[in-house]
Amino acid sequence: MKTIAIAGTLDSKGAEFLYVKSVIESLGLKTFTIHSGVFEPMFAPDVSNIEVAEAAGADIREIAARKDRSAGTEVLAQGMEKIVPKLYAEGKFDAIMSFGGTGGTSIVTAGMRALPIGVPKLMVSTVASGNTAPYVGTSDIIMFPSIVDVSGLNSFSTKIFTNAAHAVAGMVSFESAPPMDKKSLIAATMFGVTTPCIDYAREHLERHGYEVLVFHATGTGGQTMESLIDAGFIDGVLDLTTTEWCDELFGGVLAAGPHRLEAAGRSQVPQVVSTGALDMVNFGPYDTVPEAYRGRNLYKHNPSVTLMRTTVEENRQLGEIIADKLNLSEGPTVLMLPLQGVSMLDVEGEAFRGAQEDEMLFNTLRQRINREKVELVEMETDINDQAFAVAAADKLMELMKRK
């Protein structure tokens, strides 16, 4: 019999959690309750908030005595991050669900994010229709809008809670058998303006028996790929689209954070890296472009996306950071340079063609990379040329066989 963990603030929302507990148990499933509230629960849980706080090295009773809800929230989130994966590893539950407002959501999702990809995780939340990035991160948490505030049982909330409970029950009750033949997994990065390149490379790799996971280089995509590499899921990396560094350095909206391009090198996973879409910084609609950039070479990709061409100086900085990240690599690493253009827009006749900008980028990389750690390959093609894509794929297969 499968077990669903129900985690949350059993002090302030005890009645609501008891209702969900009864729904799940009526479906023939077991429940396992975790109290992540600051004060005394309305019913006895399987795991107390004292245990959760102790996992973070704190005493929740002292915090509760001070009525310091802010400190309690921080400690309990830290405790959930540590105790939830431990309980899962011990076989205490097969899936986890919760519901709450901003506080309850931030506490329990900290624990959900620490669980392996594939473990069902569902958060019914008042913030599910807003910016969920702080709660979901790079995990596979399902954010379920609560519609009304999580406060009491009524005709709306009971329907939402019931639907959420049935969703989790379905995920654990109807599992599919994994594929019999496990293929080596390759992670590849793609943007709209590097799509032909990745399509050519993916098809070539799949013909050779590899499975390719393509990540859209939109900030979250790069972060998710890095987390899967760190978790040991990925056997090879075809990181041809490194554009997220443009947004990280120059204020775009698709940044992946300061640790992008570190995981493969740190984990000694073979990687082939290129300069895909380093000609552009991403913003939203045209009127959202910062005032300081209004005189730049801007391209309206669509009504929701405005692209800005990177300058010669910005390409120097991009070359430096990418070289520095690759120089940290402890595993086989190749850097490939497409000398005739780094995106669809950076070729003859297109809006972002910039020979001087690209030359600064390429020269900086040539001069700064550590040739003892990073093999350099240059080709007189643009990045979307089939020859470049196939060469990159072949080089990665070579590295993977050599490892």
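The values are calculated or read from the model by the stated rules, or taken from the named source; none is laboratory data. As the structure is a prediction and not an experimental result, all values here were calculated from the model. Counting neighbours? That spans all protein chains shown, and the Cβs are built from the backbone with ideal geometry, glycine included. Quick note on the areas: whole protein, heavy atoms, side chains included, nothing else; ligands and nucleic acids left out. Shrake-Rupley method; radii C 1.70, N 1.55, O 1.52, S 1.80 Å.
Out of the residues in region 358-376 that are more than 20 Å from Gln268 (Cβ to Cβ) and within 30 Å of the chain's Cα centre (by Cα), which is most open to solvent (accessible area, probe 1.4 Å)?
Pass one, region 358-376, residues more than 20 Å from Gln268 (Cβ to Cβ): 358-368.
Still in the list and also within 30 Å of the chain's Cα centre (by Cα): 358, 361-362, 364-365, 368.
Values: Asp358: 5, Leu361: 0, Phe362: 3, Thr364: 15, Leu365: 0, Arg368: 99 Å².
Here the residue is Arg368.
Filter region 283-316 down to residues that are in a loop (DSSP other than H, G, I, E, B) and modelled with pLDDT under 95 and give me whichever is farthest from Val253 (Cα to Cα). Let's see the steps before the verdict.
Taking region 283-316 as the starting set, the residues that turn out to be in a loop (DSSP other than H, G, I, E, B) are 284-285, 289-290, 294-297, 303-304, 310-311.
With the extra rule that they be modelled with pLDDT under 95, the set shrinks to 284-285, 294-295, 303-304.
Working: Gly284: 7, Pro285: 11, Arg294: 16, Gly295: 19, Pro303: 15, Ser304: 12 Å.
Per the criteria, the residue is Gly295.
Can you name the residue in region 3-17 that is among the charged types (D, E, K, R) and open to solvent by less than 30 Å² (accessible area, probe 1.4 Å) and, of all such residues, is farthest from Lys86 (Cα to Cα)?
Once the filter is applied, the top-ranked residue is Glu16.
I need a count of the residues in region 195-242 that are of a type in the set (Val, Ile, Thr), more than 14 Å from the chain's Cα centre (by Cα) and in a helix (DSSP H, G or I).
2
For every residue, the table says whether it meets (1) outside any loop (DSSP other than H, G, I, E, B); (2) open to solvent by 20 Å² or more (accessible area, probe 1.4 Å).
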position	(1), (2)
Tyr19	yes, yes
Ile34	yes, no
Phe39	no, yes
Ala44	no, yes
Ile50	yes, yes
Glu54	yes, yes
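Which of the residues spanning region 121-175 are open to solvent by 20 Å² or more (accessible area, probe 1.4 Å), of a type in the set (Ser, Thr, Tyr) and within 30 Å of Thr218 (Cα to Cα)? Break it down into steps so the answer makes sense when it comes.
Of region 121-175, the ones open to solvent by 20 Å² or more (accessible area, probe 1.4 Å) are 126-127, 129-140, 142-145, 147-149, 151-156, 158-160, 162-163, 166-167, 170-171, 173-175.
The next check asks that each one be of a type in the set (Ser, Thr, Tyr); those that pass are 126, 129, 132, 135, 138-139, 151, 155, 158, 162, 173.
Thr126, Ser129, Thr132, Tyr135, Thr138, Ser139, listed by residue number.
If you go through region 328-355, how many residues are surrounded by fewer than 16 Cβ atoms within 10 Å (Cβ to Cβ) and not in a loop (DSSP other than H, G, I, E, B)?
1
Might you check whether a residue that is of a type in the set (D, E, K, R), modelled with pLDDT under 95 and in contact with a helix residue (DSSP H, G or I) (Cβ under 6 Å, 6 or more places away or on another chain) occurs anywhere in region 229-239?
Yes, because at least one residue in region 229-239 is of a type in the set (D, E, K, R), modelled with pLDDT under 95 and in contact with a helix residue (DSSP H, G or I) (Cβ under 6 Å, 6 or more places away or on another chain).
Filter region 253-287 for residues that are small (Gly, Ala, Ser) and either within 24 Å of Gly331 (Cβ to Cβ) or surrounded by fewer than 24 Cβ atoms within 10 Å (Cβ to Cβ) (or both) and give the result.
Hits for region 253-287 are Ala255, Ala256, Gly257, Ala263, Ala264, Gly265, Ser267, Ser274, Gly276, Gly284.
Only residues that are of a type in the set (A, V, I, L, M) and open to solvent by 20 Å² or more (accessible area, probe 1.4 Å): list them for region 84-120, please.
Ala89, Ala114, Ile117
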